[in-house]
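Everything below concerns the one structure shown next.
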Amino acid sequence: MIPTHTPAKKPFALPTQALKDAIAKEWVSGKKFSPANMPLTALAYTAIDQMDGNKENITEVLLAYVDTDTLSYRSSNQSLLERQKKEWDPVLAWAGSKFNALWQTTSGVMPIEQPAALHDAIRAYLQSLDNMRLAACCTLASGYSSVVLALAVLEKQLPAARAYQLSRLEEEAQAEQWGRDEEAEERSRRMQAEIVETGLFLRLLEAA
């Protein structure tokens, strides 16, 4: 049986029956709540307890990714650079079309500033999101180090797992060259699992 209230004592109201059913399955085992074993519940708790009344602050935190987005910073290694162009440029092209502003890229180490129009358009988009989707966007942007990829998932341009692969092109190239570190791989597996569950959460929000 799922809880009736969140940890902050707010009603645990869920927007779709599909999400309710999926969260109910997390509670069937009778396990004690933890984000690791009840990821859908954890994300819903975050949406209800932390998003409401904090949308302006949360939007500003997400906007910080606009100028630091993983997809804007390219490798000096020619092989990896070509792969980044092939894999990332179509996503940036979609985002540029969606938000009516060109997304800048650089191969240097100095930070770049994206156009003010891009910041304004993404701010408006983020502020239009409901609390459930805003919470999912926070998880995705953090996991990808990319607001572009997060928005592509929200807009159904990319599956969440595929966007995670795209966010890790540089890490994968390094692993292919130097070998894999088991501890780093385990961290990546945990993050990928969280990302996949967040993608599921978004799909359940769309279900009847």
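The values are calculated or read from the model by the stated rules, or taken from the named source; none is laboratory data. It should be emphasised that the depicted structure is a prediction, and the values quoted were computed from it without experimental measurement. Counting neighbours? That spans all protein chains shown, and the Cβs are built from the backbone with ideal geometry, glycine included. The area values use the complete protein model at the heavy-atom level, side chains included, leaving out ligands, DNA and RNA. Shrake-Rupley method; radii C 1.70, N 1.55, O 1.52, S 1.80 Å.
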(request) Output the residues belonging to the range 26-64 that are of a type in the set (D, E, K, R), under 27 Å from residue 128 (Cβ atoms) and loosely packed, with under 14 Cβ neighbours inside 10 Å. (result) 52, 56, 60
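For residue 4, indicate whether it is of a type in the set (Val, Ile, Thr) and open to solvent by 80 Å² or more (accessible area, probe 1.4 Å). Give the derivation first.
Details: of a type in the set (Val, Ile, Thr): yes; open to solvent by 80 Å² or more (accessible area, probe 1.4 Å): yes.
So residue 4 fits the description; yes.
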(message) Which of the numbered conditions does residue 204 fail, given that it passes all the others? Conditions: (1) surrounded by 21 or more Cβ atoms within 10 Å (Cβ to Cβ); (2) under 13 Å from the mean Cα position of the chain (by Cα).
(response) (2)
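Select from the range 110-128 the residues that are in a loop (DSSP other than H, G, I, E, B) and open to solvent by less than 80 Å² (accessible area, probe 1.4 Å) and list them in ascending order. First the steps, then the outcome.
Initially, the range 110-128 is screened for residues in a loop (DSSP other than H, G, I, E, B), giving 110-115.
Those that are in a loop (DSSP other than H, G, I, E, B) and open to solvent by less than 80 Å² (accessible area, probe 1.4 Å): 112, 114, 115.
Report whether or not residue 133 is part of a helix (DSSP H, G or I) and modelled with pLDDT of 95 or more.
yes
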(request) Among the numbered conditions (1) within 16 Å of the chain's Cα centre (by Cα); (2) open to solvent by 50 Å² or more (accessible area, probe 1.4 Å), tell me where residue 150 comes up short. (result) (2)
(message) Can you pull out every residue in the range 11-25 that is in contact (Cβ under 8 Å) with a residue 24 or more places away in the chain and surrounded by 14 or more Cβ atoms within 10 Å (Cβ to Cβ)?
(response) 12, 14, 15, 16, 18, 19, 22
(message) Residues that are among the basic types (Lys, Arg), at least 1 per element: which helices (runs of 4 or more DSSP H) completely within the range 1-109 meet that?
(response) 17-28, 55-68, 78-99
(request) Sort out which residues of the range 156-180 are part of a loop (DSSP other than H, G, I, E, B), in contact (Cβ under 8 Å) with a residue 12 or more places away in the chain and open to solvent by less than 60 Å² (accessible area, probe 1.4 Å), and write them in order of number. (result) 158, 168
